[in-house]
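What follows is a single structure, written as structure tokens, with notes after it.
None of the figures in this text is laboratory data; all of them are computed from the coordinates on show. Bear in mind that the values here come from a model prediction, so they are computed numbers and not experimental data. Here the Cβ is made from the backbone with ideal geometry for all residues, glycine too, and neighbour counts use every protein chain on show.
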Amino acid sequence: MTFLLLLSTPVCGALLLGVFGARRWAAHLNVGVSLITFIAACALTTQVVNSGPLLAAHEQFFVDSFNVFLVTLTAFVGLTTSIFSRPYMRVEMTHGRVAPTRLRLYHSMYQLFMATMLVALTTNNMGLLWVSMEAATLSTVLLVTLYRTPASLEAGWKYFILCGVGIAQALFGTILLYFAAEKVLGAAGGTALLWTHLNAVKGHLEPTVLGLAFVFLFVGYGTKVGLAPLHNWLPDAHAEGPTPISAVLSGLLLNVAIYAVVRCKVLVEGSLHSQLPSQILMCFGLLSVVLAAFLLWRQRDIKRLFAYSSIEHMGIITFAFGMGGPVANFAALLHMTVHSLTKSAIFFTVGHAAQKAGSQLMEDIRGLITLSPTIGWGLMMGSLAILGMPPFGVFASEFLILTTAMREQPWATPVLLAALGVAFAAIFGRVQPMVFGETTAKRLPHPPALLPVFAHLAIVLMLGLYVPPYLADWYRAAARLIGGE
Amino acid sequence: MTGTPLDLQLLNLCAALLLLLSFAMLAQRRVVTLVSLLAIQGVLLFVATLLLAWRTGERHLYLSAALTLALKVLLLPWLLHRLIRRLQVYWDTEPLLNISGTMLVGLLVVIFAFGLAQPIAALASTATRSAIGIAVAVILLSFVTMITRRKAMSQVVGFLSMENGLFFGAMSATYGMPMIVEFGVALDVLVAVLVLGVFFFQIREQFDSLDLHHLESLKESSTSSKTTPPVSAQSGQEH
């Protein structure tokens with residue numbers, strides 16, 4: 001029941017907002033719908049925590065400890081982003097960057113995007129997973145081009161074509177997976193693409209086909225994760241779309257894509273009895289970390305800077321999942337959580353800062369601390385958190401990943417450390433003058449409402465200092481699930 | 001083979017024609033013809049699915065044949081033709097690689113595709129397993145089409161043809177995916193074309209052309225200032 005509520009709320013919200021999205025109260029409705037989704041997600045979580053995995057709708061949907069935590073996270077960030085988007089989009093409207101009628105598209109697509117991500121997370125059917133990942137792309141293409149500037153159109157086109165082609169590879173991978181599964185499970189009954197069934201028989205699936213399938217699935221979903229060398233769409237889409245969309249793309253969509261990769265990896269590893277999937281994950285993860293860290297230096301646009309930082313963190317997570325084992329998986333899950341919270345918080349502050357400065361170029365943004373202490377401190381704290389400074393949660397997860405890497409993949413540790421150092425210097429060197437630099441602009445008359453930013457950062461801080469036992473159990477259960485016992 | 005039944009021969013003929021069509025697409029520069037080729041590809045897929053449905057007696061294949069007919073033969077080409085008329089894009093500009101060069105690349109791609117498909121085909125138990133290589137070739141050739149074209153419209157036709165190749169691959173390897181997945185994929189394709197329709201009008205409004213070389217400013221070292229309001233339509237490139 002809660003499950004039905006969880007999936008139907010954003011869909012109904014999308015329909016309602018498709019009709020009333022241009023009204024004055026549409027942004028409130030958007031928040032309301034997101035709130036109901038979040039409550040449903042919380043209810044679902046308690047249900048799963050209390051009574052174990054849950055199958056619904058003829059086994060087409062499946063919730064276990066791995067995806068339920070991502071569902072909650074998605075619903076939570078969706079809620080805070082909708083809260084942030086309300087004043088942000090109003091200002092954009094008064095600046096004349098978006099026409100009120102376009103807000104209808106914006107609100108409706110926002111909810112549709114949430115719906116597709118929730119379906120992708122909860123579906124048990126690998127085919128439906130593909131369908132909803134593609135739908136997630138489609139629902140955000142028009143959001144990236146919301147401002148209709150040449151640059152945003154270009155970003156949207158790149159996003160569509162690269163992700164479309166990438167995800168077509170994933171479809172081929174899915175077909176191959178079905179091809180292998182059908183021999184074991186049979187085509188009748190339509191269970192051959194259900195993850196739970198596949199997981200039960202993964203040892204009997206044809207290894208050659210599954211190996212090939214994994215390559216295609218990895219390329220496909222990896223494009224959506226933003227792994228190098230198919231990361232080109234990501235900075236453009238993040239920089240040119242409205243900031244709330246950058247926040248959900250970075251904080252949520254990338255997580256969902258990683259989730260898809262990990263689900264595939266679990267199956268293939270069980271069939272292959274070899275290290276191939278792990279090695280692919282580690283290799284491309286590391287490549288993304290290194291490439292992103294160096295590309296960070298060339299950025300002048302603040303949103304592109306943090307988009308590259310997302311690529312870097314996705315690389316770290318992919319690398320950690322590649323190493324496998326309970327500790328690395330635990331750390332990767334923790335990193336997914338803290339990255340998602342921190343990065344969306346950063347985008348919230350960046351959005352406000354760019355809006356005040358009237359530019360996304362970093363050299364135009366100066367002295368945030370005098371303009372508005374909340375924005376200044378928010379950006380500073382967020383950047384320190386994302387760079388892995390000690391009290392924050394990112395430090396905890398990166399520390400775990402690095403120590404595991406030292407033990408299991410010693411060759412990778414210096415590379416990772418160097419890349420993290422380079423990224424630190426690049427981001428900190430740019431954020432510092434933006435926050436503390438001299439400015440001639442006047443202090444803002446009203447402090448902006450940045451409740452979502454500090455809520456996110458507070459959770460990240462808490463996760464760095466103390467992971468509550470139920471949450472730790474939950475992560476451990478999920479890590480075990482991925483680790484294949 | 002002397003003992004090959006007629007329906008299987010016809011199926012193989014369809015597969016061969018699909019491959020031929022992919023090459024025709026690779027060479028074709030008229031956008032309208034490109035869309036017609038896509039429609040013919042849809043017809044072939046429809047015929048192949050029907051034949052396969054008749055041969056295997058699988059009921060869901062009839063349904064997916066009907067879906068192919070509705071979506072790929074009628075709806076999508078109609079939508080694309082309408083778009084072409086409204087946007088008045090009839091010709092693609094000179095491709096990045098000349099036609100004969102593209103053809104050579106295409107040949108290599110086909111060889112690679114058959115190599116890739118071999119292990120899969122060896123394991124397949126379907127009657128149409130010999131067509132798997134062709135399906136992979138169609139996918140990769142569409143990919144080449146997308147890479148070598150400049151006009152947004154031709155790239156989209158390439159994208160849709162890739163989807164057709166995937167569909168054909170699924171059909172020849174496993175007699176089609178579960179129905180729910182096929183419906184989902186069809187829905188996605190339809191939505192993609194609708195989104196692109198909207199998108200094309202936006203590009204046109206902004207650049208006065210659907211030539212993709214306008215969309216090449218977002219480079220890594222891009223220094224274009226985001227502060228200036230968008231300068232509409234760089235120059236009146238004819239389409």
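Matching residues to (1) at the interface with chain A (Cβ under 9 Å from one of its Cβ atoms); (2) surrounded by 22 or more Cβ atoms within 10 Å (Cβ to Cβ):
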{"site": "B:Val105", "(1), (2)": "no, no"}
{"site": "B:Val110", "(1), (2)": "no, no"}
{"site": "B:Val136", "(1), (2)": "yes, yes"}
{"site": "B:Ile139", "(1), (2)": "yes, yes"}
{"site": "B:Met171", "(1), (2)": "no, yes"}
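As for the stretch A:48-62, it holds at least one residue that is assigned to a helix (DSSP H, G or I) and buried (at least 16 other Cβ atoms within 10 Å of the Cβ). Does A:Glu240 qualify as being within 13 Å of chain B (Cβ to nearest Cβ), more than 24 Å from the chain's Cα centre (by Cα) and not small (Gly, Ala, Ser)? Judged against the criteria, A:Glu240 is not a match.
What are the residues in the stretch A:263-292 that are within 27 Å of A:Val144 (Cα to Cα) and touching a Phe, Trp or Tyr at 6+ places or on another chain (Cβ under 8 Å), if any? Passing the criteria: A:Phe284, A:Gly285, A:Val289, A:Ala292. Whether any residue in the stretch B:92-103 is charged (D, E, K, R), on the phi < 0 side of the Ramachandran plot, assigned to a helix (DSSP H, G or I) and more than 14 Å from chain A (Cβ to nearest Cβ) is what I want to check. No, the stretch B:92-103 contains no residue that is charged (D, E, K, R), on the phi < 0 side of the Ramachandran plot, assigned to a helix (DSSP H, G or I) and more than 14 Å from chain A (Cβ to nearest Cβ). Which members of the stretch B:84-136 meet the condition of being touching a strand residue (DSSP E or B) at 6+ places or on another chain (Cβ under 7 Å) and among the acidic types (Asp, Glu)? Matches in the stretch B:84-136: B:Asp92 only.
Please enumerate the residues belonging to the stretch B:143-155 that are more than 9 Å from chain A (Cβ to nearest Cβ) and either within 10 Å of the chain's Cα centre (by Cα) or more than 18 Å from B:Leu20 (Cβ to Cβ) (or both).
Just the residues of the stretch B:143-155 that are more than 9 Å from chain A (Cβ to nearest Cβ), to begin with: B:144-145, B:147-151, B:153-154.
Correct list: B:Thr145, B:Ile147, B:Thr148, B:Arg149, B:Arg150, B:Lys151, B:Met153, B:Ser154.
The one condition from (1) of a type in the set (A, V, I, L, M); (2) closer than 20 Å to A:Pro244 by Cβ; (3) more than 14 Å from chain B (Cβ to nearest Cβ); (4) within 16 Å of the chain's Cα centre (by Cα) that A:Ala307 does not meet is (3). When the helices (runs of 4 or more DSSP H) confined to the stretch A:364-482 are screened for residues that are exposed (fewer than 15 other Cβ atoms within 10 Å of the Cβ), those reaching at least 2 such residues are found at A:393-408, A:412-436, A:451-465.
Whether any residue in the stretch B:53-61 is basic (Lys, Arg) and in contact (Cβ under 8 Å) with a residue 12 or more places away in the chain is what I want to check. Yes, the stretch B:53-61 contains at least one residue that is basic (Lys, Arg) and in contact (Cβ under 8 Å) with a residue 12 or more places away in the chain. What number of residues in the stretch A:19-31 are surrounded by 16 or more Cβ atoms within 10 Å (Cβ to Cβ) and part of a helix (DSSP H, G or I)? Summing the residues that are surrounded by 16 or more Cβ atoms within 10 Å (Cβ to Cβ) and part of a helix (DSSP H, G or I) in the stretch A:19-31 gives 5. Filtered by the rule that a residue be within 22 Å of A:Leu79 (Cα to Cα) and in contact with an Asp or Glu (Cβ under 8 Å, 6 or more places away or on another chain), the stretch A:38-53 gives a lone residue, A:Val48. Note on the stretch A:120-136: among residues that are under 20 Å from A:Leu267 (Cα atoms) and of a type in the set (A, V, I, L, M, F, W, C), the one that is nearest to the other protein chains (Cβ to nearest Cβ) is A:Val131. Among the residues in the stretch A:310-331, are any within 14 Å of chain B (Cβ to nearest Cβ) and among the acidic types (Asp, Glu)? No - not one qualifying residue is present in the stretch A:310-331. Look at A:Leu70 and say whether it is among the hydrophobic types (A, V, I, L, M, F, W, C) and either within 18 Å of the chain's Cα centre (by Cα) or over 22 Å from A:Ser108 (Cβ atoms) (or both). The answer is yes for A:Leu70. Across the stretch A:142-167, what is the total count of residues that are within 7 Å of chain B (Cβ to nearest Cβ), surrounded by fewer than 24 Cβ atoms within 10 Å (Cβ to Cβ) and not in a helix (DSSP H, G or I)? Looking only at that region, the number is 2. Every test in (1) away from every other protein chain (no Cβ under 14 Å); (2) in contact with a Lys or Arg (Cβ under 6 Å, 6 or more places away or on another chain) is passed by B:Ala121 save one, and that test is (1). For A:Ala200, the conditions (1) closer than 29 Å to A:Phe347 by Cβ; (2) without any contact (Cβ under 8 Å) to a residue 12 or more places away in the chain all hold with the exception of (1).
Screening A:Ser139 against (1) facing another protein chain (nearest Cβ under 9 Å); (2) of a type in the set (Ser, Thr, Tyr); (3) in contact (Cβ under 8 Å) with a residue 60 or more places away in the chain leaves a single unmet condition, (3).
When you scan the stretch A:143-165, do you find a residue that is more than 30 Å from B:Arg204 (Cβ to Cβ) and among the small types (Gly, Ala, Ser), even just one? There is no residue in the stretch A:143-165 that is more than 30 Å from B:Arg204 (Cβ to Cβ) and among the small types (Gly, Ala, Ser). Every listed requirement among (1) under 21 Å from the mean Cα position of the chain (by Cα); (2) not in a loop (DSSP other than H, G, I, E, B) is met by A:Pro229 save one, (2). State whether one or more residues within the stretch A:192-207 are within 17 Å of the chain's Cα centre (by Cα), within 30 Å of A:Ser310 (Cβ to Cβ) and away from chain B (no Cβ under 13 Å). For the stretch A:192-207, residues within 17 Å of the chain's Cα centre (by Cα), within 30 Å of A:Ser310 (Cβ to Cβ) and away from chain B (no Cβ under 13 Å): absent.
Evaluate the following for A:Ser82: is it surrounded by fewer than 24 Cβ atoms within 10 Å (Cβ to Cβ) and closer than 20 Å to A:Leu7 by Cα? Taking the combined requirement at face value, the residue does not satisfy it.
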